[in-house]
1. Can you tell which of 248, 209, 368 lies farthest toward the positive end of the dipole of the chain, using +1 and -1 charges on the Cβ of basic and acidic side chains (Lys, Arg; Asp, Glu)?
2. Can you tell me how the stretch 1-90 classifies by the Cα gyration tensor, rounded, prolate or oblate, using a/c under 1.5 as the rounded cut?
3. Most fluctuating residue of 368, 229, 134 in a GNM of the chain with Cα springs under 10 Å: which is it?
4. So what is the calculated 222 nm ellipticity per residue for the chain, using -39500 (n - 2.57) for each DSSP H run with n of 4 or more, over all residues, to the nearest 500 deg cm²/dmol?
5. With θ taken as phi - 60° and the coefficients 6.51, -1.76 and 1.60, list the Karplus ³J(HN,Hα) couplings across the stretch 178-188 in order, rounded to whole Hz; mark glycine and proline as x.
6. Rounded to the nearest 20 Debye, what is the dipole magnitude of the stretch 93-213 about its Cα centre when Lys and Arg each give +1 and Asp and Glu each give -1 at the C-beta?
7. Would you mind putting 4-16, 105-117 in packing order, based on average other-beta-carbon counts within 10 Å, highest first?
8. Specify the residue with the greatest mean-square fluctuation among 145, 214, 85, computed from a Gaussian network of the chain linking alpha-carbon atoms under 10 Å apart.
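The values are calculated or read from the model by the stated rules, or taken from the named source; none is laboratory data. Remember, it's a predicted structure, so these values are computed and weren't measured experimentally. With ideal geometry, Cβ positions are generated from the backbone for all residues, glycine too; neighbour counts draw on all protein chains shown. Note: accessible area is taken over every heavy atom of the protein model, side chains too, but ligands, DNA and RNA are not part of it. Shrake-Rupley method; radii C 1.70, N 1.55, O 1.52, S 1.80 Å.
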Amino acid sequence: MTVTIVGSQLGDEGKGALVDLWGGAADVVVRYQGGDNAGHTVVEGGDEYKLSLVPSGAVRGKVGILGNGCVVNPRTLFDEIDTLRKRGLEPDVRVAERAHVIMPYHRALDGIEEEAKSDSDLDAGTTGRGIGPTYEDKAGRRGIRVGDLLDPAVLRDRLDYVVPQKRALVEEVFGLDAGEAFDVDALHEEYAAIGERLAEEGMTVDSGQYLHERHEAGDELLFEGAQGTSIDIDHGIYPYVTSSNPTAGGAAVGSGVGPTVVGQGEVVGIVKAYLSRVGTGPLPTELTGTDEPLADHIREKGGEFGTVTGRPRRIGWLDVPMLRHAARANGFTGIAVNHLDVLAGLDEVKVGHAYAFDGDEIETVPTTTEQWARCEPVLKEFEPWPEVDWTAVAEAGYEAIPENARAYLDYVSTAVGVPIYAVGVGPDRAETIELHDPFER
Ligand code: IMP
């Protein structure tokens, strides 16, 4: 069967911990969108692994697939693989030949375009990894795919076509100097060598074919979504979004496995008990003004600084309309709620239950970002719960969670209409309380 893990909010919900927990039962862990903009932290026995591209399952010795829907920066890929090898792991990572390659000029353009957009507040606060420009070229049918790296002549043709256009864009539209990142010869030399290494290490696959065979053979597939539903290019707060589909439908399109296969499996939404946001755009439940000390406290306690960029994250109360939207768009079968411990010991705990919008009360997210910016949260208050020994709670199980915190969890589960499969009360694998393993249904 398949289990698809999806971010329910704005990314950074702690998906890596659940992928790691349930990845134990999986044979193959698949990323289906995004690239090295994702920051997955996996903690095992006190050892911390920070990954941005290699699927988290690699820490568990699973086969990791970067599906055709991903955008792959081979420099990052090899850096991460080499680092994991130095730490004694042998990650088995295969890359879809249909996946698109993030080239140095994509990264350069990401920064240039963000800068240009910032004058009109249209910058998304990207991670600067070249994600958007690479997906643009994919849709514009001028991208370079992993399969192209394996054939130096094809690679040359592709570069000869696209690079002069990019160079002209930088020089003539933005009036800047294009550097080494726009030099066809240098790019060809480096990326043909990358193609050789990928071939030598047997790292490229037809992901759809490979996964089909594994699934037919009865193997368990875990789809690891990156980012989150509210920054999905179709279902998120456009234009403050990433350029791919983190939502569950992306698992099929971005891996080559049929939607009927993904749909017969489980789709688990990962929820952070409050909200954090690394990029720009409206955020109705954001803690600002007199609530700033509270936001600072949660940020520090929850370690809310970007894994990829190190930027401090914006903090807000749980936004329930956002979760209802995610539950519908993804077809969740269950959820996992993380970071419950971070809210312990507060004087007040609130959630945005609905929005007040132009005189109405609405329960889900409006379609345009301008409308979303006009939404005021309708807050619901919960009895706070005390700070406790969360390691002991995790050992004892769900019933040991303070009663008020369980009331909070019940509310969230009812609001999204699906059961809770796991609760995270700390960063270590042992601090995730499992109520149900989605592979065992
Ligand atoms: P990009 O994906 O780098 O193009 O960034 C687009 C938007 O998505 C920005 O607002 C980023 O902050 C956000 N974003 C991208 N990746 C992540 C992630 O892994 N977690 C949280 N936000 C992300």
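1. 209
2. Working: a/c = 1.31, a/b = 1.10, b/c = 1.20.
Rounded.
3. The residue with the greatest mean-square fluctuation here is 368.
4. Values: 15 runs with 154 residues, N = 441.
Helix-only estimate at 222 nm: -10500 deg cm²/dmol.
5. Working through the residues one at a time gives 8, x, 3, 5, 10, 9, 4, 5, 5, 5, 4 Hz.
6. Details: 14 positive and 27 negative charges, 89 e Å.
The calculation lands at about 420 debye.
7. On the way: 4-16: 28.2, 105-117: 19.2.
Going from most to least packed, we get 4-16, 105-117.
8. Among 145, 214, 85, the largest mean-square fluctuation in the Gaussian network model of the chain belongs to 85.
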